[in-house]
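The values are calculated or read from the model by the stated rules, or taken from the named source; none is laboratory data. Source: prediction; values computed, not measured. When we count neighbours, we look across all protein chains shown, and the Cβ atoms used for this are built from the backbone with ideal geometry, even at glycine. Quick note on the areas: whole protein, heavy atoms, side chains included, nothing else; ligands and nucleic acids left out. Shrake-Rupley method; radii C 1.70, N 1.55, O 1.52, S 1.80 Å.
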Amino acid sequence: MERAVRAAAPHDLVGALRGALATAYGAASVTLHLADYGLTVLRPVSGAGDPAGPAFPAAEDLSLHNTPEGRAFGSQEPREQEVRHRDAVDHHLPVTVRGERLGILTVRLPGGLSTPETVDDLTQVADLLGHEILVAERDTDLYQRARRASRLTLAAEMQWELLPARACTAREYAIGAQLEPAYAIHGDNFDWASDANELTLAVTNGMGEGIQASLLTNLAVNALRNARRAGIGIADQAALADQALYEQHRGASYVSTLLLRFELATGRVEAVDAGSPELWRQRDKTVERVHLDAQLPLGMFEESDYVAQSFQVLPGDRLLFVSDGVYAAVSPQGEAYGERALARAISATSLLPAAMVPRAVLRELAEHRGAESTDDALVLCLDWFGRPEE
């Protein structure tokens, strides 16, 4: 199975998998759906080798909320669905890579061959497919096209290409994040990287609108990455990115940034608050904002000095990072979302995994706002597990 998929052309992973599963397990059909950028639907991946005819109707978009495939995506557990009049079973299998929820692989098997052992095998096949999709995306646009329920603006294209992923899990933490409006985002972004000892996380918000905001954020994120990969501390990372932005824009444009470094072994956090993103914490049943020393946004003045401050996270803590498009949004009655509604939303989503929290909070935000908005909104959730004592 692995040889068949890895030998396939980048655009034909599903076709190769279909043939291998038919041979090995008698699969009658194999389909792949990927979650769209807005996390609202599962969209089919189609290729030249897809079967056609009355027995194989064209795949269509599926809801993430009220379909068997959507429930498998939300629970991250395989689900079975009997196929009427055909003595067959559809197996809906999450396609996930290190916490990044890509979509659902559906394999139709004869009823007599749908055993628990087979489901375990298919689960591993879905994991294999997820990793191969990430590799294949270097050489084909097929999977990125499939994720689009509508066309992205150029600014949004640049922002999504800049992201590390939408979710990530490790022994010590789990991260989930989302940008809205997904198809027209321009200035908000997030980034993270980890190694054996630390996790560095950045939330950025470039000023302005459209392509100019996206270009500004791209410069900031890449400047921070360049400094981070040099192995220096976050205060110096902020200072070098500040210099790069000021040299380019001479203070006319700047980027608000919240930069954090977590020690994986201890939970000690260093933070540089250079602008508008806010940090909230849920510890047990208490939800409160984490107040940090405010410093200048990146690029506002020449050679700004930045100082990192420290705080501690404990196992079980949930941190929520939000941009001003979230906490500054107002209801029709004039209540800012960040005053009380955000705390209520954090409490209401406390039982959800980190990967599902940002979308749920953004839905609460839309209801609070009561009207469409073109303002960027970013939510990033980090659950801290820490390392159990040896």
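Quick notes on this structure:
- Most to least accessible of Met300, Met207 (protein chains only, probe 1.4 Å): Met207, Met300
- Once the Cα-Cα distance is subtracted from the 0.36 nm per residue extended length, the Asp284 to Gln76 segment shows a gain of 72.4 nm.
- Relative to the dominant Cα principal axis of the chain, helix 234-249 is inclined by about 80°.
- Loop-located trypsin sites (Lys or Arg not before Pro) in region 314-347 whose Cβ has at most 14 other Cβ within 10 Å (DSSP): Arg340
- Positive contributions from Lys and Arg (+1) and negative ones from Asp and Glu (-1), summed over other residues with Cβ under 14 Å from the Cβ of Arg84, come out at -2.
- Region 161-212: C-alpha gyration tensor shape, a/c 1.5 cut-off, then a/b vs b/c: prolate
- The modelled label-to-label distance for the pair Arg250/Leu163, using points 7 Å beyond Cα in the direction of Cβ, is 3.6 nm.
- With the simple model of a label 7 Å out from the Cα in the direction of the Cβ, Asp305 to His65 spans 5.2 nm.
- Acute angle (nearest 10 degrees) that the helix 210-228 long axis makes with the longest principal axis of the chain, alpha-carbon atoms: 80 degrees
- Cα gyration tensor shape for region 275-390, rounded if a/c is under 1.5, else prolate or oblate: oblate
- Linear extension gain, Ala9 paired with Gln212, 0.36 nm per residue minus alpha-carbon span: 69.4 nm
- With Cα atoms defining each centre, region 176-190 and region 130-174 are spaced 12 Å apart in the structure.
- Remark: spin-label model distance Ser150-Ala193 equals 3.5 nm, labels positioned 7 Å along the Cα→Cβ axis.
- Average accessible area per residue (Å²) across the chain - probe 1.4 Å, nucleic acids and ligands excluded: 46 Å²
- Accessible area, probe 1.4 Å, largest first, for residues His92, His368, His65: His65, His368, His92
- Net length gained if the chain between Leu113 and Arg387 were fully extended (0.36 nm per residue, minus Cα distance): 94.5 nm
- Per residue, the chain reaches -9500 deg cm²/dmol at 222 nm when only DSSP H runs of four or more residues are counted, each adding -39500 (n - 2.57).
- Listed residues Glu364, Glu80, Glu278 arranged by accessible area, highest first, probe 1.4 Å: Glu80, Glu364, Glu278
- Mean-square fluctuations from a GNM of the chain, with a 10 angstrom spring cutoff on Cα atoms, peak among Ala294, Ala196, Ala366 at Ala196.
- Percent carbon-and-sulfur accessible area, the chain, ignoring ligands, DNA and RNA, probe 1.4 Å: 49 percent
- Taking Cβ atoms as reference points and 12 Å as the exclusive limit, the residues near Ala136 contribute a net charge of -3, counting Lys and Arg as +1 and Asp and Glu as -1.
- Accessible area (Å², 1.4 Å probe, nearest 10) - His186: 30 Å²
- Correct option for P(r) over Cα pairs in 10 Å bins from 0, in percent [calculated from the coordinates] among (1) 5, 22, 33, 25, 10, 4, 1, 0; (2) 5, 20, 26, 24, 17, 7, 1; (3) 5, 22, 29, 24, 14, 5, 1, 0: (3)
- Three-way shape label, region 229-303, alpha-carbon gyration tensor, a/c 1.5: oblate
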